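Below you'll find the structure, written out as structure tokens, and then a few comments.
The values are calculated or read from the model by the stated rules, or taken from the named source; none is laboratory data. Please read these numbers as outputs of a predicted model, since none were measured by experiment. Ideal geometry is used to build each Cβ from the backbone, glycine not excepted, and the neighbour counts take in all protein chains shown. We work out accessible area using only protein heavy atoms, side chains counted, and drop any ligands, DNA or RNA first. Shrake-Rupley method; radii C 1.70, N 1.55, O 1.52, S 1.80 Å.
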Amino acid sequence: MVTVNLKWLLILSAFLRVFLIIYGEWQDTHMEVRYTDVDYLVFSDAAALVAAGKSPYQRSTYRYSPLIAFLLVPNSFIHPSWGKFIFSSSDLLVGFLINAILKLRGVPEKLCTYSVMVWLLNPFTFTIGTRGNCEPIICAIILWIILCLMKGRLVQAAFWYGLVVHIRIYPIIYALPIILVLDPLFFQYGTKPALVNWSSRKSKSQQTSSCKKLIDPCCICNFLTSLFTWRRIMFGLISGALFFLLTGLFFFLYGWDFLHEALLYHLTRADPRHNFSIYFYHIYLHYEHELSNLEKLVSFLPQIKVQLVLVFRFAQDFPFCFFVQTVAFVAFNKVMTAQYFVWFFCLLPLILPWTNMKLGGKGLVCILVWMAAQGHWLLWGYLLEFKGKNVFLQLWVAGLLFLAANTFVLINIIQQHTYSPIFQVHQSSRATSKKHVKQR
């Protein structure tokens, strides 16, 4: 059997991405349907404005951090595809970081490589960067934060967390599990946190008992009394300071245009254009009447409820927690486009070594259900967008079915996952805990 190591996998993936970028240039020139993502054109126009000393927000629909426009300034004087190479390089970096995280957790090399292949050779993910979407940069930063937390580099993790929330607001959902995992039981002064090895992953019965401990009233009480530790405070101060520093700087440079387009818009966004979200039809029907900010914010309530349940259930296994949080966040979001799927695709390889789901069984069923529901939605989307058919109601029903498919897949993934906390309880903390139990 042919074995592929990480080095050759990365080289093959790099050649594939370079080919797709070159091919994309040809398709954009010779075919009616462009290969390049429309967002990349927005990025490029905003970068050209920055290069000319103007505000990137003079480009309509640019609703991102100015840092993205700054990064693509060389598009104007090196090559228009500069940004695609940056995004695709970040795509490759994601693969490298997936391997680093899994090896740190003691996953066998062969299984690490197969997990990395799920990202690098996934047609959806390798077209994202080559079409000019910036999401691989966000994915790479999130994986780097996970790696920093695992190595006990909390200052670095806090710095990058503040940066990534500034660039893309959605990683704010990871704040609570990060705070929960910065527990004195795992982090002791002068020592690195000890990791739980993959070979010692827990059985189903142990998983259930561990999950129950997370929601045990005594544990919740202990958490509340020990919430304000110096590590948690430091992480919050550093990440918060960087976020507000960047926000203040760009507000000074670009004023309310920046604040509205890059931040506030995403909190109250109401997009009448068709997308996978179950909310789109309601927004479409009431768009001319202008939904109130309260109505726009109410849609966050299902997300918040699901997020809290998942966080308090799986926080100590935080790569898995991040994954299920992201799937749920995207599924219940007011706006859902295909590019959002990459947010959880980058986390999927991190949980595969702990799943009991077989590709030929439930795994295949989940893949087929998810793809069939998406394909069904795309069929109605095609009839609406390209054939001009009035199929808004059918498209909304297809969105409901896609939500059901996402829920079905998420439940199966949770049921088949072997719960495995990242960190071992420190020996001194274990002794202290036993002492408190005896005193009771």
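Listing for the model above:
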{"item": "Gained length - PHE77 relative to THR407, 0.36 nm times residue gap less alpha-carbon distance", "result": "114.2 nm"}
{"item": "Amide H partners (placed H, <5 Å) of HIS417, local residues excluded", "result": "ASN356"}
{"item": "Using a Förster distance of 51 Å, the FRET efficiency for ASN197-HIS260 (Cβ separation, nearest 0.05)", "result": "0.60"}
{"item": "Region 290-414: Cα Rg divided by the 2.2 N^0.38 Å rule of thumb", "result": "1.17"}
{"item": "FRET efficiency, ARG153 to ALA14 (Cβ-Cβ, R0 22 Å, nearest 0.05)", "result": "0.20"}
{"item": "Two-site label geometry, ILE414 and ILE172: point separation in nm, points 7 Å out along Cα→Cβ", "result": "2.4"}
{"item": "Calculated over region 95-195: convex hull of Cα atoms, volume per residue (Å³)", "result": "103"}
{"item": "Label-reachable residues, region 388-415, where backbone N falls under 13 Å from a point 7 Å from MET357's Cα toward its Cβ", "result": "405-415"}
{"item": "Label-point gap, in nm, between PHE300 and LYS387 - each point 7 angstrom along Cα→Cβ", "result": "4.0"}
{"item": "Alpha-carbon Rg with Dmax, taken over region 367-412, Å", "result": "11.3, 37"}
{"item": "Surface accessible to a 1.4 Å probe, per residue, for the residues of the chain, Å²", "result": "49"}
{"item": "Region 316-370: trypsin sites (Lys or Arg not before Pro) falling in loop per DSSP and having at most 10 other Cβ within 10 Å", "result": "LYS358"}
{"item": "Estimated FRET transfer efficiency when R0 is 56 angstrom, pair PHE96-SER60 (beta carbons, to 0.05)", "result": "0.95"}
{"item": "Net charge over other residues, Cβ less than 11 angstrom from the Cβ of PHE126 (K, R count +1; D, E count -1)", "result": "+1"}
{"item": "Relative frequency of Cα-Cα separations exceeding 43 Å in the chain, percent", "result": "14"}
{"item": "log₁₀ of I(q)/I(0) at q = 0.19, 0.28 Å⁻¹ - region 134-174, Debye sum with one point per alpha carbon", "result": "-0.47, -0.95"}
{"item": "Which of THR407, THR125 is most accessible, then next, and so on - probe 1.4 Å", "result": "THR407, THR125"}
{"item": "Degrees separating the helix 230-254 axis from the principal Cα axis of the chain, which is the longest one", "result": "20"}
{"item": "Simple label model, 7 Å out from Cα along Cβ direction - LEU249 to GLU32, nm", "result": "4.6"}
